[in-house]
Amino acid sequence: MHGHRNFSRTNPYFTQDRADLPAEHPLRRFYDRSNAFVPADNFGRGSILREIYEWPVFAPFVQAALGEQRFFRYADPLADVIVNTAEAGNGFPWHFDTNNYTVTLAIQNAEVGGDFEYSPHLRTPTDENYEGVQAVLDGDAGLIRTLHLEPGDLQIFKGRYSLHRVTPLSGSQARYVAIFSYVEEPGMVGSAERTAQLYGRVLPVHVERAGVRSDALVD
Ligand SMILES: O=C(O)CCC(=O)C(=O)O
Ligand SMILES: [Fe+2]
């Protein structure tokens, strides 16, 4: 597998610790996060994932489902269609996405775990609802919905206001999910810094297009 591993410890917001707040506050709840991204140049012409991504009816379908006004395929040759891999452990703990939406295709499930848990519309642009977030982090089943996806299932999910996680994995089989990325302007690529973080390398295009940036994809 040509994945680049990422380990971190993050709160649900991907922000710094706040020593001024009580220990149980959501901004102070840090979880291990561990996964690997297989960059898009492993899925070249003729690969099934690229055929789906570039299938002329696919992007318009996703755009209509999301109701987005401006919607373009990502122009980043390392990041437009990638595979996320996660092994036994705590792959994707509770978080709000920093991007507006995520489009995934389930490829392989782990033996145990890997369900998608989410709490719809838990915060709004004007109300962080830290009490509600804390209740979900503490396992309040009344606020949590569970989705079990099987290989081949396409998921279109708006994660900025809905807290979500992938339940911890166990067993020897890794979980694989493809992620299709879209942006609001044509011709965009990721910044060199973020690309190096996520994929462990950059291409000339990431340096050359330093003025035309977007990091509006994977969190
Ligand atoms: O792997 C998944 O099913 C979703 C992961 C996720 O929440 C994300 O990429 O932001
Ligand atoms: Fe997410």
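Scanning the stretch 78-112 for residues that are polar (S, T, N, Q), assigned to a loop (DSSP other than H, G, I, E, B) and within 15 Å of ligand 2 (Cβ to nearest atom) yields ASN90, THR98, ASN99, ASN100. Among the residues in the stretch 85-96, are any over 26 Å from VAL202 (Cβ atoms), charged (D, E, K, R) and in contact with a Leu (Cβ under 8 Å, 6 or more places away or on another chain)? No, the conditions are met nowhere in the stretch 85-96. The condition (being out of contact with any helix residue (DSSP H, G or I) (no Cβ under 7 Å at 6 or more places or on another chain) and buried (at least 20 other Cβ atoms within 10 Å of the Cβ)) is satisfied by just one residue among VAL83, VAL133, VAL103, VAL112: VAL83. Restricting the stretch 86-102 to residues that are near ligand 1 (Cβ under 10 Å from one of its atoms) and of a type in the set (S, T, N, Q), the residue that is nearest to the chain's Cα centre (by Cα) is THR102.
State which residue is surrounded by the most Cβ atoms within 10 Å (Cβ to Cβ) when the search covers only the stretch 166-180 and only residues that are within 10 Å of ligand 1 (Cβ to nearest atom) and under 13 Å from ALA86 (Cα atoms). The residue in question is VAL177. Is it true that PRO204 is closer than 30 Å to PRO60 by Cα and either more than 14 Å from ligand 2 (Cβ to nearest atom) or touching a Gly at 6+ places or on another chain (Cβ under 6 Å) (or both)? Answer is yes for this residue.
Look at (1) open to solvent by 30 Å² or more (accessible area, probe 1.4 Å); (2) within 18 Å of the chain's Cα centre (by Cα) and you find that ARG33 fails only one, number (1). Take THR195 and tell me if it is open to solvent by less than 40 Å² (accessible area, probe 1.4 Å), within 11 Å of ligand 1 (Cβ to nearest atom) and not small (Gly, Ala, Ser). Against the criterion (open to solvent by less than 40 Å² (accessible area, probe 1.4 Å), within 11 Å of ligand 1 (Cβ to nearest atom) and not small (Gly, Ala, Ser)), THR195 does not qualify. Among the residues of the stretch 40-56, the one identified as basic (Lys, Arg) and open to solvent by 30 Å² or more (accessible area, probe 1.4 Å) is ARG45. Applying the criterion of at least 3 residues that are touching a strand residue (DSSP E or B) at 6+ places or on another chain (Cβ under 9 Å) and touching a residue at least 60 places away in the same chain (Cβ under 8 Å) to the strands (runs of 3 or more DSSP E) found wholly in the stretch 113-219 leaves 163-166, 175-180.
The values are calculated or read from the model by the stated rules, or taken from the named source; none is laboratory data. These numbers were taken from a predicted model, which means no experiment stands behind them. FYI the Cβ positions are ideal-geometry reconstructions off the backbone, even for glycines, and counts take in every protein chain you see. All accessible areas refer to the heavy atoms of the entire protein, side chains included, with ligands and DNA or RNA removed. Shrake-Rupley method; radii C 1.70, N 1.55, O 1.52, S 1.80 Å.
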